[in-house]
Amino acid sequence: QLFECEYNNTVESANLIECNKEYTGNCCSDYELGTRDKDYYKLNIQKVGIGQLRLRVPRDLQEELVKAELVYITEDGKESVMDTLYSSTNPVSYGKEMILQAGTYYIKVSGMETAGEALIKTIAGIDYNIELIYKETQIVESIEIVSKSKEYYIGETDTLSAKVLPENAENKAVTWST
């Protein structure tokens, strides 16, 4: 089992983690003192692929206590949130599947501001598990429409086909509509 290592409360001190491995962390904010724990995890993705954030919390939680965000840092140094998950009475939450380009991403986990009393009652904080499910893939770069003719006249018909490139693209499905 893999665990967070404190101090990881900023992007600069983020724990370096790997995709497809689950990490256990703890949100131990003290709302009476006004402190809110944030845990950052850093992921380096080498090749374009499909990613999905997953958050798991104890089954006995009865409200939204933990928030997890998949973020990247823009050129001007600001956090840009790509997906957000909230804990709920369902112990496992999945984010949306999305294409991730090669680059550096962060997972930010924090206690919810609205969870004050519930989190204060749990002196040790709330344990959570976080994972970025990721699969390298070859995405479609272009689609060529193939036909017999380049000019058409009223009343003529033709059969069109689509050529998906590159040839090794994972999802070559094409939907036609008029």
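The values are calculated or read from the model by the stated rules, or taken from the named source; none is laboratory data. Note that the structure is a prediction, hence the values are computed from the model and not measured. For neighbour counting, all protein chains shown are included, and Cβ atoms are generated from backbone atoms with ideal geometry for every residue, glycine included. Note: areas computed on protein heavy atoms with side chains; ligands, DNA, RNA excluded. Shrake-Rupley method; radii C 1.70, N 1.55, O 1.52, S 1.80 Å.
How many residues does the range 141-157 hold that are open to solvent by less than 100 Å² (accessible area, probe 1.4 Å) and within 43 Å of the chain's Cα centre (by Cα)?
Residues flagged as open to solvent by less than 100 Å² (accessible area, probe 1.4 Å) and within 43 Å of the chain's Cα centre (by Cα) within the range 141-157 amount to 5.
How do the pairs read when you match residues in the range 149-170 that are of a type in the set (Gly, Ala, Ser) with residues anywhere that are in a loop (DSSP other than H, G, I, E, B), using Cβ under 7 Å and keeping only pairs 6 or more apart or on different chains?
Once the first residue is of a type in the set (Gly, Ala, Ser) and sits in the range 149-170, its partners that are in a loop (DSSP other than H, G, I, E, B) give SER149/ASP158; ALA162/VAL174; ALA169/GLN138; ALA169/ILE139; ALA169/VAL140.
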